[in-house]
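The structure appears right after this line, and notes come after that.
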Amino acid sequence: MSSLLNFLCRKVDENTSDILYRRPVIGISSNRKEDVSCIKEPYFHAVIMAGGAPVLLPVTTDIHALATIADTLDGLILSGGGDMDAAYFGEKPIPEAEDADPYRDEYDFLLLRLAFNRQLPVFGICRGHQVINVAFGGTLYQDIYAQFYREVSAHGESKIHEPAHYVKTLEALRQDGREEIFTHVPEHSVKNAKMLRHRQEEARNVATHMVIPADVPSKLKTALGNLNEQAVPVNSFHHQALKDVAPEFIITATSPDGLIEAIEHPEYPIFGVQWHPESMAVSGNETMLNLFRYHVGQAKIFAKAKRLHRHILTIDSHTDTPMISKTFDLGRKEGGKVNLPLMEEGRLDAVFMVAYVPQGARDDASLQKAYEYAQERLSKVIEQVALHSDRMGIAHTPNEAWRLKREGKKVVLLGVENGYAIGKDLRKIEQFKDTGVLYMTLCHNGDNDICDSAAGNGEWGGLSPFGRDVVAEMNRLGMMIDVSHASDKTIDDVLKYSVKPVIASHSSSRALCNHHRNLDDDRIRAVVSQGGVVQICLYKAFINEDAEKASLSDVIRHICHVVDIAGIDHVGIGSDFDGGGELTGCRSANELIQITMRLIMEGFDDESIAKIWGGNLLRVMEVSG
């Protein structure tokens with residue numbers, strides 16, 4: 001071996017001997033020219049300078065190949081390129097539109113969907129920014145000069161942002177001796193409108209116009225370093241631009257002529273910019289490099305979340321998936337929010353699937369029918385697990401759950417929601433236990449023969465005499481008692497009579513959201529004082545009093561609140577998916593890894609996250625059994 005080869009070998013070995021060298025893997029979508037997948041070098045140089053490991057993704061529409069690639073990534077950059085087919089946003093091409101590449105369009109949209117399904121952080125640049133907007137329901141101007149400025153001309157200055165910040169920042173740059181970083185492009189007049197040349201002829205590392213960050217908290221401002229400047233010099237090269245912003249996304253920057261220059265989702269780690277920061281970044285512009293640093297930072301968090309999920313047992317303590325239809329297939333994505341593909345994408349290990357029984361009449365015939373219905377729903381889950389036994393199994397104990405995880409299988413645990421299903425017959429508790437049921441929610445939305453519901457009329461003033469026997473029998477059999485849906489007085493009675501810890505499988509904090517279904521601080525502390533656990537629910541109305549504004553950020557607030565008042569050993573997560581649970585930022589099982597990312601960002605250590613994600617609930621299961 002030559003001395004040069006020896007030198008290179010030593011260099012590799014010396015620099016990769018420590019696991020700390022590992023960088024997050026950032027996939028960069030390719031451009032496509034004459035059947036060549038390619039990208040300009042500043043894209044991957046910027047990622048390397050920001051601390052990431054770039055991978056150029058081949059332009060292919062083979063979904064299985066792209067899915068396999070997506071599983072290896074920690075972040076995605078959607079790069080720039082040519083025009084997009086207007087059919088994707090419901091329009092016919094106008095004469096000013098340039099030729100689109102249908103293959104590149106399909107590739108980009110497939111890649112983004114696969115990334116979003118896995119909750120990868122996504123950074124869109126120019127065309128990539130446009131792809132994000134269209135993929136989530138927005139539209140584009142096919143040509144800003146033919147469409148946007150025509151609108152401006154027709155409506156005066158209604159779409160034009162006051163360019164005072166733009167002029168002020170230019171003057172400040174000159175006074176600071178920094179005007180060399182900005183080459184002013186002459187403006188054109190369309191009646192009263194100020195028209196910028198967005199498709200300029202300057203080199204890509206030269207600033208050609210300004211963008212004005214919106215006066216709102218945003219990922220963009222955080223990425224740019226929360227600049228004090230009111231405008232930022234950038235470089236653009238495009239003639240298509242965002243028109244209608246996708247639902248839920250917010251505008252985070254505009255140009256002085258009113259074009260949308262940056263958008264982001266307030267909950268998902270997704271943002272896009274219309275300009276090209278890559279060449280400016282590698283030419284020494286720290287502000288533009290900060291965009292890549294931010295994205296790589298998000299990818300590091302995602303990579304850490306993935307590593308955590310490999311080593312801990314993640315449990316969603318309440319889903320109503322057996323109720324979505326008479327027949328369902330856990331092996332396919334077919335309408336429900338919990339199934340094998342979604343659990344695999346979101347790296348979720350285990351779910352409690354409950355047989356929910358609506359409260360009905362309490363005569364003998366109705367009670368027997370309720371019991372049979374619950375058993376029939378449980379049998380469907382058991383059948384599905386048997387059908388997919390190579391990928392999942394049913395656990396009855398914490399040890400069985402861990403064994404299934406080690407075997408690479410997903411875990412199903414069984415529950416019953418509403419003690420109405422046992423009627424007035426204690427023997428049915430043992431029959432459910434024999435079926436594999438690990439917890440029973442004592443009631444639902446209405447008083448029953450066991451207790452008063454939070455939504456009931458206070459028939460018993462807490463537990464009924466029969467309800468006390470139910471608590472004793474569940475304690476004897478090792479079945480966990482679930483106080484979600486129970487009235488305050490019922491919870492008080494359960495804690496008085498139970499000799500084992502209890503759970504609230506899907507409840508949140510009343511102090512943060514004043515809903516009768518939530519637990520007040522005193523009862524959270526009472527549940528905790530007996531070793532129990534409160535599993536935060538993702539049902540909108542239990543998370544935010546303005547339900548339509550409920551978001552993942554609210555969920556994190558609820559988790560932190562329970563930790564603050566009760567300690568890290570007594571909180572968990574019960575989504576209520578397929579029973580109405582979902583909110584902005586977390587809508588199905590594949591998105592639950594977002595909670596892990598947020599907990600990391602909140603400063604929770606690995607041990608604490610493991611407890612929240614299942615360790616606390618497993619402890620109660622162990623003690624109860």
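What follows draws every value from the coordinates through simple rules; no lab data is involved. In this text, all values refer to a predicted model and were calculated from it rather than measured experimentally. Counting neighbours? That spans all protein chains shown, and the Cβs are built from the backbone with ideal geometry, glycine included.
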**OP:** Taking the dipole about the Cα centre of segment 1-142, with the C-beta of Lys and Arg at +1 and of Asp and Glu at -1, give me whichever of LEU5, HIS129, PRO95 is farthest to the positive side.
**Re:** LEU5
Subject >> Rel. contact order, % - alpha carbon contacts under 8 angstrom, at least six apart, the chain >> reply: 11
**OP:** Restricting things to alpha carbons, tell me how big segment 358-422 is in terms of Rg and Dmax, in Å.
**Re:** 15.1, 47
**OP:** Express in % the proportion of alpha carbon pairs of the chain at distances exceeding 38 Å.
**Re:** 42
Original post:
In square nanometres, what is one fourth of the surface area of the convex hull spanned by the alpha carbons of segment 479-625?
Top reply: 8.0
Original post:
Based on the Cα atoms of segment 407-549, what semi-axes does the equivalent ellipsoid have, where each is the square root of 5 times one gyration tensor eigenvalue, given in whole Å with the largest first?
Top reply: 23, 19, 14
**OP:** Report the one residue of HIS485, GLY138, VAL563 whose Cα lies farthest in the direction of the positive end of the charge dipole of the chain (charges on C-beta: Lys and Arg +1, Asp and Glu -1; origin at the Cα centre).
**Re:** VAL563
**OP:** Just need the relative contact order of segment 436-538 here, percent rounded to a whole number, with Cα pairs under 8 Å and 6+ apart.
**Re:** 24
Original post:
In whole percent, what relative contact order does segment 526-625 give with Cα contacts below 8 Å and a gap of six or more residues?
Top reply: 31
Original post:
Amide H to amide H under 5 Å from GLY124: which residues, 5+ apart in sequence or cross-chain, H placed 1.01 Å off N in plane?
Top reply: LEU78, PHE271, GLY272, VAL273
Original post:
Taking H as built 1.01 Å from N, whose amide H comes closer than 5 Å to the amide H of GLY415, not counting residues under 5 places away?
Top reply: MET353, VAL354, ALA355, LEU438
**OP:** Under a cut-off of 29 Å between alpha-carbon atoms, report the lysines in cross-link reach of LYS428, not counting same-chain residues fewer than 8 places apart.
**Re:** LYS326, LYS369, LYS380, LYS410, LYS489, LYS496, LYS500
Original post:
Taking only DSSP H segments of four or more residues, each worth -39500 (n - 2.57), what value at 222 nm results for the chain once the sum is divided by all its residues, to the nearest 500 deg cm²/dmol?
Top reply: -11500 deg cm²/dmol
Original post:
So, in nm, how far is label LEU477 from label ALA361 when the simple model puts each one 7 Å beyond its Cα toward the Cβ?
Top reply: 2.6
Original post:
Can you work out ³J(HN,Hα) from phi for every residue in segment 469-475, in order, using Karplus 6.51 cos²θ - 1.76 cosθ + 1.60 and θ = phi - 60°, giving whole Hz and x for Gly and Pro?
Top reply: 5, 4, 4, 5, 5, 5, 4
Original post:
Quick one: Karplus J couplings for segment 390-399, per residue in order, coefficients 6.51, -1.76, 1.60, θ = phi - 60°, nearest Hz, x for Gly and Pro?
Top reply: 6, 10, 7, x, 9, 10, 10, 9, x, 4
Original post:
If the cut-off is a Cα-Cα distance under 30 Å, which lysines reach LYS33, setting aside same-chain residues fewer than 8 apart in sequence?
Top reply: LYS92, LYS243
Subject >> Cut-off under 5 Å, modelled amide H: who pairs with LEU140 long-range >> reply: LYS243, ASP244
Original post:
Over all distinct Cα pairs, what is the inverse of the mean 1/r for segment 462-523, reported as the Kirkwood hydrodynamic radius in Å?
Top reply: 12.0
